[in-house]
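In what follows, a single structure is set out as structure tokens and then discussed.
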Amino acid sequence: MMLQQVDPTLDPNFEPEVLWFALSPILVLVGGALFLLVVGALTPKWPKGLSAFCSATTAGTAGVLAIVNWDDISDRGPQTLVAGALAFDKFAMWATIVITVSVLLVSLLTDEFIRDTPNDGPEVYALYLVAAAGGIVMASANDLIVLFLGLETLSLALYVLAASNRRSDPSAESGLKYFVLGGFASAFFLYGIALVYGGTGSTNIGEMVTAIGNTPAGDNDALVLAGIALLVVGLGFKVAAAPFHIWAPDVYQGAPSPVTAFMASAGKAAAFGAVTRVLVSGLPSFRDDWQPIIVVLAVLSLVVGAVLSVVQTNVKRMLAYSSVSHAGFLLVGVEAAAHTAGDATPGFGISSVQLYSLLYAVLVIGSFGVVTVVAGTRDASLASFNGLAKRKPLLAVAFTIFLLAQAGVPFTSGFVAKFGVIRAGINEESYALAIIAMVTAVITAFVYLRIMLSMWLRDADDEAPAVSVPFSAGVAIAIAATFTLAAGLYPAPLIELTESIRLVR
Amino acid sequence: MIAAEATSVGAGAFPLLSAMIFVPMIGATAVLLTTKSRPEFAKLIALLSSGMTGALTIYMLKEFDRGDAGFQMVSKHDWIEQWGIGWHLGVDGISLFLVVLTGILFPLAIVGVTPHHDEKPYLAWLLMLEAGVMGSFLSLDLFLFFIFFEIVLVPMYFLIGGWGYENREYAATKFYLYTFLGSAFMFVALIATAFIASDSLGGVTFDLVEIAEGGNIATTTARWLFFGFAIAFAVKVPIFPLHTWLPDAHTQAPTAGSVVLAGVMLKLGTYGFLRFGLYLFPEAAVWSRSLWLTLAVIGIIYGAIAATMQKDLKRLVAYSSVAHLGFIVLGTFAFTSQAITGSVIQMVNHGVSTGALFLFVGWIYERRKTRQIAELNGLQKVAPIFAAGFMVVMLSSIGVPGLNGFIGEYLILLGSFQTARWWTVVATAGVILAALYLLWAYQRVFHGEPDEDNQSFPELKLKEGLILLPFLVAIVFTGVYPKPLLDRIEPSVDRLVAHVAANSDVETDPSYTTQRGEFDNGHGEEHEDDEESHSEEEGEE
């Protein structure tokens, strides 16, 4: 079966290793998860922090393997793996890097957050790793069924993670809510796959594109268009784009903060990977049909996310709505990619989306990291951040950096990310969308200012609980803050890497 | 043509302009690293770095070649190559004195005012603000300009919010959001400019000079883009009706914040119009001039009337800024060499005189803990030197001949009268209104018998006098002998006016474009002639 995939330009003797090695990031993550679960169950209680260490190491290893694979792709060109089921291209590897970096940072955050609680143990970390493997499959899938497998792997792990604080009602509620609504969305997505299969005769993205190209226009359009509509509903739910965002604030608020960080970073990166695979890679000849849908989703996400974030009083909900608005920004990049979907020379759309998802992943983990440290398992009300600058100046500085970056202030990674997608949009002459995006960014800036205001200018309540920064969480936040600033000051290397991203089918 | 000139200077030499941005930035970092137990270190470092920046600007002034109309001391490096973004700095006659003003105003503001708490972050924010303002005035790359233009909001937000007065949170947020909203449009417009210009430039670049000289942007497109930029600048200036953030921000800001805000930050808007509006989109600027002239004149009259009504001295000065900046906008959109030269001079003058007025208001507040005009009276009796200093600064703000304000306003009105006659006629009324509100305020605050509360109003301290001295020197020197300034400003302004004339259908009559006659050929005496003739006219009025 694999022999079909041999690229004649490659040395045939070398080929099997390349293929196994190409899959290595996923294999390492799954292996790490199994190791944690099996060995964790069979051995006595592990020393503190060992599970988190295992999880971080596994993710780091997978990330390094992805970087090595990236170089291989640079040298030998992209290809498809496992009978065309997975794409082995720079897009997939970039998504792998984003997701593994997220797992690494989130593991550091989780460590002392669940330590000495009944929730401690290897399970949470194993779920992170499984979810990451699912996310990577989503972003590298070259077959809709495979993509669905990845999506379900990621989603099921996330449902459990959301409910993983077993002593907390909001956490259970958030897990259940996510599960029910997510199950709905998955059903939509699956039905969409079925309809597209009916229209094209294949679920393989490469074969789909060939089939559509060979069919006279209009023959099976109705089936495929209906399929696209359902696929977009499913994907819109996963990326938390308005009007499919309703679950996000509740789930983000109820889930344990590190899990929220994971959903907002790795979850979003994987979901946008899937959006790109399905729409840009898989359905380029229908780009005129789905591009307007993306415009509507983008505008709604930007406006709804911005406006509703203003009226929140809970920081986690604020950040949840702001992540809806960030999804809108990412959709601006997808919209730009729509204009050149399937063309030989892609515009800046895909590379800007990938750049955004890396930069956003790091800074959103940093943001929720600070929330984790400050609020703990308590309600993350705005008042609990009062006077943080006096109580924990460095933490306040870090949070300020993250918030400024979310607002898109220059010299932070957030500015570079926004610049990238807006630039991609303007290059395709989507001026109106660009202006709407920037104006809504002003509205969300108000939210970030409110948080900064309470940190810097308000005094803490007398009975405010003391904030202590655990070592590993501190490391994660420091890494995220440093990266946010460094990428803002000198983004050229990252931009160069993302501009070489191409899709293969 | 300018691109060739631009690279002629500065290659390999000491990166003077970059240093002017990095010194305060490093200073800010150093201030943050000082220990809490030794607050005097923070102040010392802040003074040293801002003072050093000031010294660098003076050195730049000395090195500046007054005959060269192009950009000088250019520093050009790649920064984000993939996006066509470079670190491109340069100074010409239009930005020269604004940079010097920035360099001198900051150390004075740092010495002049002691914040009431948490000095360390306060100083760090001020230094960061200085780096941002410097960067905005020196940038010759659209992207670079934008990030400096944006980044100044953050320190200013924290300065107002952290060290301001009773209503500071509202004022700081309003200031930030207003300006940020304006920038949103500029952000889109500047990326679009780079892409649209790339068709004729053969590649995407954000370099101001390249786009302006070779951009070839279609007329209608350029008008849209111009408005994208103009909204950001109009908010920053602020032009009526986008001015409402200004009185709040000025009044609530700590004294040093107000000084810097009025002194240099408002000029980012008017400077932006000259450097980016007119230079990039000359045709669009000419096409929309009636709008800007009308809004400018409304601003002049409205600002003056609103100032007259104020009960709070600081708010009064804030509204007077709206009026003064109206004059600058009027001059900018008159498109004559004289008027634009006047605008550039007036930007500096306004920075000096309004900066000093805010210092005085700050000192009054420190002494009396109030800024209400009704609660102040008879201060001249108890503090005559203080009153005299205030008087000089105030007269400069009114535009009395012999002081700096007159030179700027006179040049603006003279230059505008030729191309925007009726607007100028109305604007002239603003000059009289300025006399009305400032003299009336002076009368209420300083004249009469002091009541009990004002009996013990302390006299001007030596330190305050020393801080005031540079302001007074600048006021009198510019008023009496403006030639050194004009000589340096005019070549660049002439070039800009010629650029506008060459790229638009504005009257190409040479008398509109090169009005240097009086100031170019003649020397000192002729200025005084001009002043005398005008002062006679004012006497008649």
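The values are calculated or read from the model by the stated rules, or taken from the named source; none is laboratory data. For clarity, every value in this text was computed on a predicted model and none was experimentally measured. Positions of Cβ are generated from backbone atoms using ideal geometry, with glycine treated the same way; all protein chains shown enter the neighbour counts.
Residue B:489 - would you say it is of a type in the set (A, V, I, L, M), buried (at least 21 other Cβ atoms within 10 Å of the Cβ), under 23 Å from the mean Cα position of the chain (by Cα) and closer than 20 Å to residue B:107 by Cα?
In short, no.
Among the residues in region A:345-361, are any under 30 Å from residue A:118 (Cα atoms) and either surrounded by fewer than 24 Cβ atoms within 10 Å (Cβ to Cβ) or away from chain B (no Cβ under 14 Å) (or both)?
yes
Would you pick out the residues in region A:131-149 that are surrounded by 24 or more Cβ atoms within 10 Å (Cβ to Cβ) and in a helix (DSSP H, G or I)?
Hits for region A:131-149 are A:131, A:132, A:133, A:134, A:135, A:136, A:137, A:138, A:139, A:140, A:144, A:147.
Select the helices (runs of 4 or more DSSP H) contained entirely in region B:251-353, then report the ones holding at least 1 residues which are more than 30 Å from residue B:118 (Cα to Cα) and modelled with pLDDT of 90 or more.
B:267-272, B:289-309, B:313-332
Would a scan of region B:105-116 turn up a residue that is among the hydrophobic types (A, V, I, L, M, F, W, C), facing chain A (nearest Cβ under 10 Å) and crowded, with 22+ Cβ neighbours inside 10 Å?
No, that holds for no residue.
In region A:309-324, is there at least one residue being out of contact with any helix residue (DSSP H, G or I) (no Cβ under 7 Å at 6 or more places or on another chain), of a type outside the set (Val, Ile, Thr) and not in a helix (DSSP H, G or I)?
Within region A:309-324, none of the residues are out of contact with any helix residue (DSSP H, G or I) (no Cβ under 7 Å at 6 or more places or on another chain), of a type outside the set (Val, Ile, Thr) and not in a helix (DSSP H, G or I).
Note down all Cβ pairs under 7 Å where the first residue falls in region B:373-399 and is at positive phi, the second is among the aromatic types (Phe, Trp, Tyr), and they're at least six residues apart or on different chains.
B:399/B:406
Looking only at helices (runs of 4 or more DSSP H) that fall completely inside region B:138-217, which ones have 2 or more residues that are modelled with pLDDT of 85 or more, crowded, with 21+ Cβ neighbours inside 10 Å and facing another protein chain (nearest Cβ under 10 Å)?
Per the criteria, B:142-151, B:153-163, B:168-201.
Okay, residues lined up against (1) under 27 Å from residue A:163 (Cα atoms); (2) surrounded by fewer than 24 Cβ atoms within 10 Å (Cβ to Cβ):
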{"residue": "A:225", "(1), (2)": "no, yes"}
{"residue": "A:229", "(1), (2)": "no, yes"}
{"residue": "A:243", "(1), (2)": "yes, yes"}
{"residue": "A:247", "(1), (2)": "yes, yes"}
{"residue": "A:254", "(1), (2)": "yes, no"}
{"residue": "A:262", "(1), (2)": "yes, no"}
{"residue": "A:295", "(1), (2)": "no, yes"}
{"residue": "A:316", "(1), (2)": "yes, yes"}
{"residue": "A:320", "(1), (2)": "yes, no"}
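Looking at this structure, is residue A:378 within 13 Å of another protein chain (Cβ to nearest Cβ), more than 25 Å from the chain's Cα centre (by Cα) and modelled with pLDDT under 85?
No.
Are any residues in region A:476-505 touching a residue at least 60 places away in the same chain (Cβ under 8 Å) and within 11 Å of chain B (Cβ to nearest Cβ), and if so, which ones?
The answer is A:488, A:489, A:491, A:494, A:495, A:497, A:498, A:499, A:500.
Inside region A:431-475, can you point out the residues that are more than 10 Å from chain B (Cβ to nearest Cβ) and either in a loop (DSSP other than H, G, I, E, B) or farther than 30 Å from residue A:390 by Cα (or both)?
A:459, A:460, A:461, A:462, A:463, A:464, A:465, A:466, A:467, A:468, A:469, A:470
Out of B:87, B:79, I need the residue that is touching a His at 6+ places or on another chain (Cβ under 7 Å) and not in a helix (DSSP H, G or I). Which one?
The match here is B:87.
Hey, residue B:220 hits all of (1) in contact with a Gly (Cβ under 7 Å, 6 or more places away or on another chain); (2) in a helix (DSSP H, G or I); (3) at pLDDT 85 or above; (4) away from chain A (no Cβ under 11 Å) but one; which does it fall short on?
Every listed condition holds for residue B:220 apart from (1).
When region A:411-430 is examined, which residues are found to be in contact (Cβ under 8 Å) with a residue 40 or more places away in the chain, within 8 Å of chain B (Cβ to nearest Cβ) and either part of a helix (DSSP H, G or I) or crowded, with 24+ Cβ neighbours inside 10 Å (or both)?
Within region A:411-430, A:415, A:422, A:423, A:427 qualify.
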